[in-house]
Structures are given as structure tokens and as C-alpha cells.
Amino acid sequence: MNTIRTDIRRGSLITAVLALLCSAFLILPANAEPDPFEDCAQGAFCLYDGSGGTGTRLDVPEGGKDEQYTGTALSVQNNTRMWACVYTTGHYGGSLQTVKPGNDDEYVTDGTRWVVASYKLVPTRALCFTGYERCENGQVCAFAERNGRGAMTVHVPAVDPATQNLGNSYGAETAPKSVWNRTAKHLCFYPRPDYTGTWTEGTTTYGAYVVLRGDSITVPASLAGAFRSHELVNGTSECQ
């Protein structure tokens, strides 16, 4: 009798263990969903055309950039060591979002999409607020927005046949809001296309607006959009 009772107890114990194991397996999901953004590799800035790191993914290497992004980005993951700068218009213009290294971001809230039209990866967050780095040595670069942001126009100096000024004349549609003078000469700006004119503020009248060699500036609000021509000179006394 004792032997029979022992066998029955062992059989009951084995059955209970098997039942417990089966119930444990039953509560595990058959196909666990991946965590959001977990498919973004280290060293990459990933743009997804779906919210929450879903949909088609674009991988951008560290230091990558695109001034005219035409894809759709509703979420991003920044797995680089750099800051990601994301803009609503091309050429690093419009509104700005910054994504810290290791962070993600969403660009659709309550059904409203925040358009991503350009982006760049930079060493510090401060560099997200400027775009001067696009101007190369030896160039005069004019920008459509403050701090070197927005569309950039490179002015190749030419000698005006009538005035013999070494510079450029242009219309209101290209009047800069910020400038970098990366030439070896000083830069003189004028309110008229023929390298003449003055500005008046209060009781003071000003001649040319000067940007020294190597300097970058954001045009003062009172003069924004007012420049119509500029010339390059060896000394500021040569400004008209």
C-alpha cells in the first residue's frame, strides 16, 4: 500500500509541474512586437515615415545632412553622438527642432504633421541655430534668413562696366538678412542698385553698411531687406 501511495503522489507532482509549465508558455506572446525605434542602429540618425518609429526607415550617418529633404518623417531616433537639427523648410530655414543624442522625437501631434524639409547633424546644439558653415572661403554669401539660415546666394564678384565697382547689384527679392564675407576685402552695402544711397535713423544719416573681411553678420532689423548692391574694397574709406 505504501508503494502504491508513493507512486500516486509522484504522478500527481509530475502532472502539476507539467500543467504549470504549459500555463507559463501560454501567457507568452507568440510574436512579441519590437520596442519603438529599436531597429535604429548605433551611430545612425533614423527617420521613419510612421509615428513611433514605424514604417519605412531612412538611416543617416553621423554628420549627415540634407538641405532639401523630400521624404516623409513623422518620427526620428538619434543614435549618434551629435545633435540632430530638424527644420520645417529647406536650407535649414523655418521653425527648428533639436534632438539630443540618444533621444527620439515625434512630428505628428493630434493629427497635425510637423513637416521635416531639411536636417543636419552637428557637434553642438548651438550650431542648429546657424547655417554660416555652408559659405566657402573666398565667397560672399547672402542668406534669406537671420544667422546664415535659409536659402544661400553666393555672389561671385564682377566688375560693373559702368561704375567699375568690384561687386554685385541685385533686386529686392535677393536682399539678404544675414551675410558672411569670406573674402580678403571689406564689403560695402548700399540701398540702391548702382552702389549709391544713404540710410537715415533718427537725425543720423549713414553711408555704406560695412562688413569687414572675414566677418559674418545678421542685418539689423531696420535695414533687413534694404540692401540692393555691394562692392568689395581694400579699405573702408573706398566705400561710396
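Every number in this text was worked out from the coordinates using simple rules, so none of it is lab data. Small disclaimer: the values here were computed from a predicted structure and weren't measured. Cβ coordinates were reconstructed from backbone atoms using ideal geometry, including for glycine residues, and neighbour counts include every protein chain displayed.
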Qualifying lysines (Cα of each under 18 Å from Cα of Lys120; at least 8 residues distant if same chain): Lys65, Lys100
What is the fewest-to-most order of Arg192, Arg134 by other Cβ atoms lying within 10 Å of their Cβ? Arg192, Arg134
Footprinting proxy, Thr80, Thr174: sorted fewest to most Cβ within 10 Å, the residues are Thr174, Thr80
Between Thr70 and Val115, what length comes free when the chain is fully extended (0.36 nm per residue of separation minus the Cα-Cα distance, one decimal in nm)? 15.2 nm
Within a Gaussian network of the chain (alpha carbon springs, distance under 10 Å), most fluctuating of Gln77, Gln42, Gln164: Gln164
Out of Thr183, Pro61, Cys239 - ranked by how far each Cα lies towards the positive end of the dipole of the chain, with unit charges on the beta-carbon of charged residues - the top one is Pro61
Between segment 121-170 and segment 185-217, the Cα center-to-center distance that results, in Å: 16 Å
With the 8 Å Cα cutoff and a minimum separation of six or more residues, the chain has a relative contact order in percent of 13 percent
Sort Val86, Val210, Val99, Val108 so that the residue with the fewest other Cβ atoms within 10 Å of its own Cβ comes first and the one with the most comes last. Val108, Val210, Val99, Val86
Relative to the present Cα-Cα distance, how much length would full extension add between Arg192 and Thr205 at 0.36 nm per residue of separation? 3.2 nm
Which angle from 0 to 90°, rounded to the nearest 10, does the C-alpha axis of helix 2-26 make with the longest principal axis of the chain? 20 degrees
